[in-house]
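S.K.: My questions all concern the structure below.
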Amino acid sequence: MLRNRRCITMPGELVVTTEILEIDGVAAGTLAARFGTPLYVYSARTLLDRWQSYREALAGMEHQICYAVKANSNLGLLRLLAEQGAGFDIVSGGELERVLLAGAKPGRVVFSGVGKQDWEIRRALQVGIGCFNVESEAELVQLGCIAAQEQIVAPVSIRVNPDVDAQTHPHISTGLKENKFGVPLQAAHELYQQAARLPSLRLVGVDCHIGSQLLTLDPFVDALERILHLVDRLEAEGIRLEHVDVGGGLGIAYRPGEQSPAPRHYVDRIRPLLADRKLKLICEPGRSLVADAGYLLTRVILLKPGPFKNFAVVDAAMNDLIRPALYEAWMNIEVADAIVPEVQPLLWDIVGPVCETGDFLGKDRVLSLAAGSLLVIRQAGAYGFAMSSQYNSRCRAAEVLVEDGQARLIRARERLEDLWALELLPEEHG
Ligand code: LLP
């Protein structure tokens, strides 16, 4: 018998009853039964909705939204975004090949990262990416040399480290002077002058990225003001840039009741700063496009109540979702399909089977659980699967995309033999 099937319609597409949760019209229990758990499920509708909110916020401004591929690099999601005309922010040769496979226009790709290798730069030049976001003098020289060899003029932006406090977790803060990213403002000014003398480089823009999961807008405004000061100074010296790339970083609401700034609020704050300038705005959102679109489904293997703590051991672990272990991130965990009704709620730590104390997905959650209960971890679309590993020789989870009420496998669950497929025993050397 089902307990109180009260329906709550969440903003978007999520319909929760006390017993059953649906993702875009497909019951979580059906998805778990069909594809197994742990399972990442993505809602195409939510992703496209988040994309649209950026588009609407930026309407009337010359702009390019370059999705930060690192947040979730599944080809199925990249394809959806490429079909919308998205640009992409990449940080490796691997991400470049992914976006090309997904149908991206190379001219809409920007290449970030503090350590680009020669082969990555060469390939990016050959396919004609839109911009190299250069992070050091050494990289500028490296890029200049490779571009000269290839006889291709490289489009360049210099990543400035504006030294602003993003007020976020220290591991995901990037715009302070002690962080490894970008170059300080004064040094950037000198680098632009140096770059202007290299015939194999074309100076097209300036960029920054101050951190991730920002819930306040002031740091973005601070950073942009500092960068525009540099843009004006360069212009007075005859170096005219075409774009300013403000990076990504807009946070999302992980906890119920948490307020996240909407793209519209964000753009309303930065639009006035750009009003009198003929600069195209580039942004590199990752999390704010894909986090809400993703759910991690996991089943309770067994319950381990005790005098000090109650543990619910589930089949997903830190190798599937490392954010709680790495950043003490709080992720929303709910019962998606109770299996056994009428269970009293208790305080549980939701932990995985990995042999580490740090292997937890949530602590002190009041939930009604039984062995076999299906749980859903929300806002798992960003830095979830993308940061997963095979630690403890665990197969990586499958990924499913729900589109128009239809669920489609977009990454198969790894098989045991995939775990050692690339390993070689002495006898295999022949
Ligand atoms: N652009 C650059 C140059 C970046 O380094 C990043 C993220 C982004 C854009 C996208 O930022 P977003 O809009 O997603 O905040 N694994 C961490 C987040 C690391 C972010 C790294 N850089 C987490 O799970 O919270």
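The values are calculated or read from the model by the stated rules, or taken from the named source; none is laboratory data. Source: prediction; values computed, not measured. Cβ atoms come from the backbone with ideal geometry, glycine included; neighbour counts cover every protein chain shown. Keep in mind that these areas ignore ligands, DNA and RNA; they rest on the heavy atoms of the full protein, side chains included. Shrake-Rupley method; radii C 1.70, N 1.55, O 1.52, S 1.80 Å.
S.K.: Can you confirm whether segment 359-370 contains a residue that is over 25 Å from Ala28 (Cβ atoms) and not in a strand (DSSP E or B)?
M.R.: no
S.K.: Can you tell me which of Ala86, Ala28, Ala82, Ala104 is out of contact with any His (no Cβ under 7 Å at 6 or more places or on another chain), modelled with pLDDT of 95 or more and surrounded by fewer than 22 Cβ atoms within 10 Å (Cβ to Cβ)?
M.R.: When all the criteria are applied, what remains is Ala82.
S.K.: Look at segment 384-412 and say how many of its residues are part of a strand (DSSP E or B) and surrounded by fewer than 15 Cβ atoms within 10 Å (Cβ to Cβ).
M.R.: Adding up the residues that qualify gives 3.
S.K.: Sticking with this structure for a sec: For segment 267-308, give me the residue count where each residue is β-branched (Val, Ile, Thr) and either part of a loop (DSSP other than H, G, I, E, B) or within 16 Å of the ligand (Cβ to nearest atom) (or both).
M.R.: Within segment 267-308, the subset β-branched (Val, Ile, Thr) is 267, 270, 282, 290, 298, 300-301.
Then drop every residue that is not either part of a loop (DSSP other than H, G, I, E, B) or within 16 Å of the ligand (Cβ to nearest atom) (or both), which leaves 267, 270, 282, 290.
Adding up the residues that qualify gives 4.
S.K.: Given the conditions (1) surrounded by fewer than 16 Cβ atoms within 10 Å (Cβ to Cβ); (2) in contact (Cβ under 8 Å) with a residue 60 or more places away in the chain, which single one is not true for Gly60?
M.R.: (2)
S.K.: Kindly list, by first and then second residue, each pair from a residue in segment 148-172 that is within 16 Å of the ligand (Cβ to nearest atom) and among the basic types (Lys, Arg) to a residue that is modelled with pLDDT of 90 or more and not in a strand (DSSP E or B), limited to pairs with Cβ atoms under 6 Å and residues at least 6 apart or on different chains.
M.R.: Correct list of pairs: Arg159/Glu135.
S.K.: List, please: which pairs have Cβ atoms under 8 Å, are six or more places apart or on different chains, and start with a residue in segment 110-124 that is touching a residue at least 60 places away in the same chain (Cβ under 8 Å) and within 19 Å of Asn179 (Cβ to Cβ) and end with one that is open to solvent by 10 Å² or more (accessible area, probe 1.4 Å) and more than 10 Å from the ligand (Cβ to nearest atom)?
M.R.: As it stands, the answer is Val114/Ser136; Val114/Lys180, since those pairs meet every condition given.
S.K.: How many of the residues in segment 172-212 are open to solvent by 30 Å² or more (accessible area, probe 1.4 Å) and out of contact with any Phe, Trp or Tyr (no Cβ under 8 Å at 6 or more places or on another chain)?
M.R.: 18
S.K.: Starting from residues that are under 24 Å from Ala293 (Cα atoms) and open to solvent by 10 Å² or more (accessible area, probe 1.4 Å), keep the ones in segment 353-383 and report whichever is farthest from the chain's Cα centre (by Cα).
M.R.: Filtering first and then ranking leaves Leu367.
S.K.: Considering only segment 21-136, give the helices (runs of 4 or more DSSP H) lying wholly within it that have at least 2 residues that are more than 18 Å from Ala398 (Cβ to Cβ) and more than 15 Å from the ligand (Cβ to nearest atom).
M.R.: It comes to 44-57, 75-83, 93-101, 118-127.
S.K.: Taking the conditions exactly as written (under 21 Å from Tyr67 (Cβ atoms) and open to solvent by less than 10 Å² (accessible area, probe 1.4 Å)), does Leu224 satisfy them or not? Write out each step before concluding.
M.R.: Working: under 21 Å from Tyr67 (Cβ atoms): yes; open to solvent by less than 10 Å² (accessible area, probe 1.4 Å): yes.
Here the answer is yes, as Leu224 does meet what is asked.
S.K.: Separate question: Residues of segment 413-430 being in a loop (DSSP other than H, G, I, E, B) and open to solvent by less than 60 Å² (accessible area, probe 1.4 Å), which ones?
M.R.: Going through segment 413-430, the residues in a loop (DSSP other than H, G, I, E, B) turn out to be 413-415, 420-425, 430.
Across segment 413-430, the qualifying residue is only Glu414.
S.K.: Consider Leu321 against the criteria (1) within 14 Å of the ligand (Cβ to nearest atom); (2) in contact with a strand residue (DSSP E or B) (Cβ under 7 Å, 6 or more places away or on another chain); (3) closer than 24 Å to Gly130 by Cα: it satisfies all of them except one. Which criterion is unmet?
M.R.: The single condition Leu321 does not satisfy is (3).
S.K.: Quick one: how many residues across segment 324-342 are in contact with a strand residue (DSSP E or B) (Cβ under 9 Å, 6 or more places away or on another chain) and more than 16 Å from the ligand (Cβ to nearest atom)?
M.R.: Looking only at that region, the number is 7.
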